[in-house]
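The values are calculated or read from the model by the stated rules, or taken from the named source; none is laboratory data. Remember, it's a predicted structure, so these values are computed and weren't measured experimentally. As a convention, Cβ positions derive from the backbone with ideal geometry for all residues, glycine included, and neighbour counts pool all protein chains shown.
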Amino acid sequence: MNNTTILSIESSGSNCSAAISQDYILLAEYSIFKPNFHDKILAELVRRLMDDLSITVDSLSAVAVSSGPGSFTGLRIGAAIAKGLTYRNSPKLIAVPTLEAIAYSFQEKSNSRPCTVVSASHKDLAYEQEFNAQAEPIGEIKFLTYNEISELIEPETLILVSGLKEIPQFFSMEKSGGTPVLRVINLTAGLLSKAANKYFKSSRFVDSETFVPNYQQEFSLKC
């Protein structure tokens, strides 16, 4: 039986990252944690990763990319590279929702429980979405201020925070009935590959020609 080899690309936030996994095992991951660097280095990271592992596009089972929400520029660059590698859907293209990838990367290695994912956007705004114990979305993506999100958080809620330089104090404030539980998740291509393998197993592919990331917002220069 052939190995399942997946190239994963994460570019939805400040992290610029590429990884290759084979049969659920991470072989290698290259990441640069620097904002506004995607256009300069992401394609080179992918090339270098594949060269170092002696893996060709023809030998890939699929290319996975985080599909948003997130940085307009970062998502556009990641999607362009992924679409270029999966021309005519060979290899297959997997689009992994960014917030789901964060939820699944945590649930996959821990005792499963419902969670809320909060991912920074810009200024005091963030994306928020709730997930069940299997990391499946149970609500729509909301685009809210930190204060608005804080009002929604129930006592003892598990909150997976991504992309925040400083965790707002109110996320850890005690509420009546208990204190929310915080876990910081810095999404990388290696973590994205966990959800990508789940998608591959269930044949959840997208058409390379028509795929468009979930930008959620109008264009922003911030990566």
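How about segment 58-84: which of its residues are under 23 Å from Lys201 (Cα atoms), among the aliphatic types (A, V, I, L, M) and out of contact with any helix residue (DSSP H, G or I) (no Cβ under 6 Å at 6 or more places or on another chain)?
Leu60, Ala79, Ala82
Among the candidates Leu42, Leu49, Leu26, single out the residue that is assigned to a strand (DSSP E or B) and either under 15 Å from Phe200 (Cα atoms) or in contact (Cβ under 8 Å) with a residue 24 or more places away in the chain (or both).
Leu26
Across segment 128-156, which residue is surrounded by the most Cβ atoms within 10 Å (Cβ to Cβ) among those that are more than 11 Å from Glu100 (Cα to Cα) and polar (S, T, N, Q)?
Ser150
Would you check if Ile159 is within 18 Å of the chain's Cα centre (by Cα), in contact (Cβ under 8 Å) with a residue 12 or more places away in the chain and either in the same structural domain as Ser11 (by TED's automatic domain parsing) or farther than 14 Å from Leu182 by Cα (or both)?
No.
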